[in-house]
1. Bin all alpha-carbon pair distances of region 78-147 at 5 Å intervals from 0 and give each bin's fraction as a whole percent.
2. Rounded to a whole number, what is D in µm²/s for region 35-115 from Stokes-Einstein with the Kirkwood radius over alpha-carbon pairs (25 °C, 0.890 mPa s)?
3. Roll a 1.4 Å probe over the protein chains and send me the accessible area per residue for region 37-115 in Å².
Amino acid sequence: MTTQDTAASKHEAEQEPSSSTLSTFWREVSTFGFVGAFAAVIDLGLFNVLIHGALSDKYTTAKILSGAVATVFAWLGNRYWTFREREGRPVHHEVALFFGVNGVALAVTSAWVAFAHYVLDVTKPFWVNVHVVLGIGLGTLMRFVLYRTVVFGKAAEQGAPPTHHDAHEK
């Protein structure tokens with residue numbers, strides 16, 4: 001190996017982490033979007049089933065229930081697909097943080113729907129759904145940032161006790 005080859009390899013190695021980091025970021029964004037899209041379908045679909053059935057005129061309750069079901073789906077999808085390479089906390093800590101973040105996001109989304117329904121008097125199904133989608137959008141932006149930085153973030157990987165996966169790899 002020549003000095004020129006060594007310098008080229010060193011240059012490639014120095015660039016690799018940023019390329020890898022960017023690749024990881026876009027993979028996480030796309031899979032988060034995919035999981036989120038399915039969770040949104042669950043959330044919106046169940047919300048509509050509830051307000052046209054057992055919970056007619058109880059929009060906030062319907063939104064909380066549909067959001068809770070979608071959150072369980074989202075945890076499974078994000079833990080085992082989107083952020084599968086970011087294990088660093090014991091699962092029970094991660095679950096608590098995940099559901100805490102989602103509780104706050106669900107409160108933001110539900111508050112938006114309640115505001116639209118009770119303050120703005122939005123009652124037509126199309127416009128109620130527009131506001132549900134807007135609320136989900138606000139919650140989604142907040143979730144992605146907090147999942148990456150708090151729940152599944154690098155801070156979780158640094159200095160955290162070994163997870164159940166670490167024990168199986170040794």
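The values are calculated or read from the model by the stated rules, or taken from the named source; none is laboratory data. This one's a predicted model, so the numbers in the text were calculated from it and none came from an experiment. Heavy atoms of the whole protein, side chains included, go into the accessibility calculation; ligands, DNA and RNA do not. Shrake-Rupley method; radii C 1.70, N 1.55, O 1.52, S 1.80 Å.
1. For region 78-147, the binned pair fractions read 4, 16, 21, 18, 14, 11, 8, 6, 3, 0 percent.
2. Once the numbers are plugged in, D ends up at 184 µm²/s.
3. 47 Å²
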